[in-house]
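I have placed the structure first, in the form of structure tokens, so that the comments after it can refer back to it.
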Amino acid sequence: MKAMILAAGRGERMRPLTDHTPKPLLEVGGKALIVWHIENLLRAGITELVINHAHLGAQIEKALGDGSRFGAHIQYSSEGKALETAGGIAYALHLLGNEPFAVINGDIFCDYNFASLRERAAKLKSSGDAAHLVLVNNPSQHPNGDFGLQQQRVTDSAPKLTFSGIGIYQPGLFAHISRGSIAPLAPLLRAQITLGKVNGEHHQGLWVDVGTPQRLAELDRQVRSLHNAP
């Protein structure tokens, strides 16, 4: 199974930190956000990784290399300009293969068990669903949520939870997007939700959208406390 980590965003709300450092390389607990993801994926046995980038992307490639120092194999999808989520995934389809793959936002922090991704992907393939979404409780900055969840089916009905930025997708979901075009993910998902072809789960553990310098600093304190880091 392959996993894609999204790392192309400019991170406007994180400025001035992201003026000179790509958002996924900002550190929490002495480690870059994207490295936490890589290590968690490796612990789950997922070693084939694709990382897209645009803003300061050369820094990401220099920091992570080919992934061998982690025990991973990393391929890069250089977009030049950010293509939004669906556009970025479509641009990297030739690297992701023909089987369901996981996609993880590079600017979140969580304790989600990535080991479950393989089983979820197998079920997605056999069910014919287009996507599996991991939903979380609504954070204070996003109180209205994104999608409903009823009996493991994602809906557009209230009450709504927040999409975590962790999902598993069938490649065909992005096949009609012209390579290099800008395309958001939400409209694709809503169309499939209307067709009843998206399943999901509710992760109730740690999850943070690291969207502002204040949230980054608070998360850093939290992680250092948990890991007894100086």
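The values are calculated or read from the model by the stated rules, or taken from the named source; none is laboratory data. The structure presented is a predicted model; accordingly, all values stated were derived computationally and were not measured. Backbone-built Cβ (ideal geometry, glycine too); neighbour counts: all protein chains shown.
Kindly indicate whether A121 is of a type in the set (A, V, I, L, M) and either touching a Lys or Arg at 6+ places or on another chain (Cβ under 9 Å) or within 22 Å of G45 (Cα to Cα) (or both). Reasoning before the result, please.
Working: of a type in the set (A, V, I, L, M): yes; either touching a Lys or Arg at 6+ places or on another chain (Cβ under 9 Å) or within 22 Å of G45 (Cα to Cα) (or both): yes.
Yes, satisfied.
Is it the case that some residue within the range 207-228 is at pLDDT 95 or above, assigned to a helix (DSSP H, G or I), basic (K, R) and within 19 Å of the chain's Cα centre (by Cα)?
No: zero hits.
Return the residue satisfying two criteria in turn: it lies in the range 172-206 and is in a loop (DSSP other than H, G, I, E, B) and of a type in the set (D, E, K, R), and of such residues it is surrounded by the most Cβ atoms within 10 Å (Cβ to Cβ). Steps first, please.
As a first pass, look at the range 172-206 and keep what is in a loop (DSSP other than H, G, I, E, B): 175-185, 195-197, 204-206.
Still in the list and also of a type in the set (D, E, K, R): 179, 197.
Working: R179: 12, K197: 18.
Residue satisfying both the conditions and the ranking: K197.
Considering the range 122-142 alone, what residues qualify as being at pLDDT 95 or above and assigned to a loop (DSSP other than H, G, I, E, B)?
D129, A130, N137, N138
Could you tell me which residue of the range 43-74 is farthest from A115 (Cα to Cα), considering only residues that are buried (at least 17 other Cβ atoms within 10 Å of the Cβ) and out of contact with any Ser or Thr (no Cβ under 9 Å at 6 or more places or on another chain)?
My answer is I60.
Out of the residues in the range 147-158 meeting the condition of being part of a loop (DSSP other than H, G, I, E, B) and free of Cβ contacts under 8 Å to residues at least 24 places away in the same chain, tell me which one is surrounded by the most Cβ atoms within 10 Å (Cβ to Cβ). Step through it out loud before you land on a result.
Here is the first cut: in the range 147-158, the ones part of a loop (DSSP other than H, G, I, E, B) are 151-152, 156-158.
When the remaining residues are screened for being free of Cβ contacts under 8 Å to residues at least 24 places away in the same chain, the result is 151, 157-158.
Values: Q151: 6, S157: 11, A158: 9.
Looking at the filtered set, the residue picked out is S157.
Please verify whether the range 204-225 includes one or more residues that are acidic (D, E), without any contact (Cβ under 8 Å) to a residue 12 or more places away in the chain and at negative phi. It would help to see each step written out before you state the result.
Applying the first criterion (acidic (D, E)) to the range 204-225 yields 209, 218, 220.
Right, trim to without any contact (Cβ under 8 Å) to a residue 12 or more places away in the chain and you get 218.
Next, only the ones that are at negative phi stay: 218.
Yes, there is a match, as at least one residue in the range 204-225 is acidic (D, E), without any contact (Cβ under 8 Å) to a residue 12 or more places away in the chain and at negative phi.
Looking at the structure I just gave you, is L135 surrounded by 21 or more Cβ atoms within 10 Å (Cβ to Cβ) and farther than 22 Å from L96 by Cβ?
On the way: surrounded by 21 or more Cβ atoms within 10 Å (Cβ to Cβ): yes; farther than 22 Å from L96 by Cβ: yes.
Considered against the rule, which asks whether it is surrounded by 21 or more Cβ atoms within 10 Å (Cβ to Cβ) and farther than 22 Å from L96 by Cβ, L135 comes out as yes.
Tell me the residue from L195, L185, L161 that is of a type in the set (A, V, I, L, M), at pLDDT 95 or above and under 23 Å from R118 (Cα atoms), please. Let's see the steps before the verdict.
Details: L195 fails: under 23 Å from R118 (Cα atoms); L161 fails: under 23 Å from R118 (Cα atoms).
Result: L185 is the single residue among L195, L185, L161 that is of a type in the set (A, V, I, L, M), at pLDDT 95 or above and under 23 Å from R118 (Cα atoms).
I'd like the full set of residues that are part of a helix (DSSP H, G or I) and either of a type in the set (V, I, T) or within 22 Å of I46 (Cβ to Cβ) (or both), limited to the range 1-22. Break it down into steps so the answer makes sense when it comes.
The first filter runs over the range 1-22 and keeps only residues part of a helix (DSSP H, G or I), leaving 12-14, 17-19.
Once the filter is applied, which keeps residues that are part of a helix (DSSP H, G or I) and either of a type in the set (V, I, T) or within 22 Å of I46 (Cβ to Cβ) (or both), the range 1-22 yields only T18.
Pairs needed: first member in the range 17-36, in contact (Cβ under 8 Å) with a residue 12 or more places away in the chain; second member anywhere, acidic (D, E) and surrounded by fewer than 21 Cβ atoms within 10 Å (Cβ to Cβ); C-beta distance under 8 Å; at least 6 residues apart or different chains.
Pairs that qualify, where the first residue is in contact (Cβ under 8 Å) with a residue 12 or more places away in the chain and the partner is acidic (D, E) and surrounded by fewer than 21 Cβ atoms within 10 Å (Cβ to Cβ), are T18/E12; E27/D220; V28/D220; G29/D220; L33/E27.
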